1. Just to be sure I understand: of the beta bridges DSSP finds with both ends in the range 159-290, what percent are antiparallel, rounded to 5?
2. For residue 134, what charge total do you get from the other residues with a beta carbon under 13 Å from its beta carbon, if Lys and Arg give +1 and Asp and Glu give -1?
3. Place +1 on the Cβ of every Lys and Arg and -1 on the Cβ of every Asp and Glu in the range 159-290, take the dipole about the Cα centre, and give the residue among 160, 245, 264 whose Cα lies farthest towards its positive end.
4. Which one of 230, 127, 174 is farthest out on the positive end of the charge dipole of the chain, using unit charges on Cβ (Lys, Arg +1; Asp, Glu -1) and the Cα centre as origin?
5. Return 149, 253, 57 ranked ascending by Cβ neighbour count within 10 Å, so the fewest neighbours appear first.
6. For the chain, give the share of DSSP beta bridges that are antiparallel, in percent and rounded to the nearest 5; count only bridges with both residues there.
7. Where the centroid of each part is defined by its Cα atoms, how far is the range 223-295 from the range 96-170 in Å?
8. Whose amide H sits under 5 Å from the amide H of residue 105, counting only residues 5 or more places off or on another chain, with H placed in the peptide plane?
Amino acid sequence: MNRRRLLRKPTRMKKPASSPTRRELEDMPERVIGNLAFDKLEALGNDFMLIDARERSVNLPGEIVRQWADRHRGVGFDQLLVLRPSDDDTHHCRVEIRNGDGSEAEQCGNGMRAVALWLSRHDGLEGKVRLATAAGTVEAHYHSDDEISATLGVPDFSPTAVGLSGAEGFPRQFTVSGEKVSVYGASMGNPHLLLIDDRPPEAGRLEHIGRALGQHPALTHGANVGLAMVESPRRIRLRVFERGAGPTRACGSGACAAAAILLSLDRVENPVEVVQPGGTLVVNWLGPGQPVLTTGPARQVFEGVISCPTQTS
């Protein structure tokens, strides 16, 4: 056998073309790619997909939001945050909040803190920013990645504010899968129901009670459901089943609602730490007629560009 015939001249590998930048991908024709840039952010494990639509029209039907929220076939998130142009010059932008099931949410405390982080990095905005939401104005303040505050407004403890009718106040008694539970309520612009337990909130119990109670027929539009235990005068343990998203690692508006309810009952002292599976938020509330302030960390995880079959311009 002629050994020389077996020896082949190695072929030269072609130099791979450099990957297009995010801006180049955005500028591609829509038939090539949906040219929709996004950022993935998280605040205490409560995770978000953020799209900047302040300078373009972006229509996102519920089916697309559900596809993107899928953690196996999409980006995966609890909420989608879409930045829209403000309707006036007193706000930096308007934030459209979409749950993982495609529905719209009025408020998202952790999401607003994540938006403040994003604006500080992408727009160079430092200090306080005013954000318009369906629930009203949120003032967010970026100090550092570990200290971002959001003022969510004045809590409303009336039953009608959380979508319950009748003259009966709180606590209210409900029967959930044969179990009688005593429930408190508060609106932070979005409805929250709270069960106060003498045991640490468990994931299984949250799944069992949260799903049934959050969709109870007595509620006009459903509600977020929290399970809370007072660990000390300065510490609450909390798990939240979010309307439209299910159990999450943390819920900013849920932490504010739980703290405000327990402060109003003189069960805890201000300020109070609210410990959730994803970490700890510090909540300040000075009493009736005053807004609730929440402070905690947020983080930008990654950025990307996703194909979008909806029409953009």
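1. 75 percent
2. Taking every other residue near residue 134 into account, the sum is -1.
3. 245
4. With unit charges placed on the Cβ atoms, the residue in question is 127.
5. Fewest-to-most ranking of 149, 253, 57: 57, 149, 253.
6. The antiparallel proportion sits near 80 percent.
7. Each part's Cα centre sits 14 Å from the other's.
8. Sorted by chain and number, the residues that satisfy this are 97, 98, 99.
Where a number appears in this text, it was derived from the coordinates with a stated rule and is not lab data. The shown structure was predicted, so the numbers you read here are calculated from the model rather than taken from an experiment. In this analysis, Cβ positions are derived from the backbone assuming ideal geometry, glycine residues included, and neighbour counts consider all displayed protein chains.
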